[in-house]
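Note sheet for the following structure.
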Amino acid sequence: MTELAVIFIVIGLLTTARRLFRLISAELGRKKDLVRQIYKQQPAYRISLLIPFLDGTQGPALSQLLTALGQQDYPKAHVRVHIATTREHAVGLPVADQLPEFVQVWVHPDEQVHIGQT
C-alpha cells in the first residue's frame, strides 16, 4: 500500500504543479496583454477648422489663432484650417506665403455671396 500511496502523492503533486504553472502562465499573459494595450499606438485625432468669410479687419485675430495652433504639440499633418473669403475681403488677410502649411485659403469668385448661400 505504501507504493500506491506514493504514486497517488506524486500524481497529486504533479497535478498541483501543473495547475500552478497554468496560473503563472495566465498571469504573465494578462500582464503582457495589459502592457500591449497601454503602449499600443492609438490613432491620432484630426483637427479641421472652417473659418467662413473673414474680412481684412479680422487679420490680427486670425494670425493669433494660427500662431496658437502652430505652437501646439500636435502633428501638423493632422491639422487643417480652411479659410473662406471673397476677393474684396481678402485684402487685409495674411498673404498665402506667410500662412503655415496647414492653412488653405479659398477665395469665392462672387463678391456678393453670403455664408448662407454657399
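Can you tell me which residue is nearest to residue 102 (Cα to Cα) among those in the stretch 33-45 that are surrounded by 10 or more Cβ atoms within 10 Å (Cβ to Cβ) and at pLDDT 70 or above? Filtering the stretch 33-45 for residues that are surrounded by 10 or more Cβ atoms within 10 Å (Cβ to Cβ) and at pLDDT 70 or above, the one nearest to residue 102 (Cα to Cα) comes out as 35.
Residue-wise test of (1) of a type in the set (A, V, I, L, M, F, W, C); (2) out of contact with any helix residue (DSSP H, G or I) (no Cβ under 7 Å at 6 or more places or on another chain); (3) modelled with pLDDT under 65; (4) outside any loop (DSSP other than H, G, I, E, B).
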| position | (1), (2), (3), (4) |
| --- | --- |
| 59 | no, no, no, yes |
| 67 | no, yes, no, yes |
| 72 | no, yes, no, no |
| 85 | no, yes, no, yes |
| 97 | no, yes, no, yes |
| 107 | yes, no, no, yes |
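The values are calculated or read from the model by the stated rules, or taken from the named source; none is laboratory data. Model, not experiment: these values are computed from the prediction. In this analysis, Cβ positions are derived from the backbone assuming ideal geometry, glycine residues included, and neighbour counts consider all displayed protein chains.
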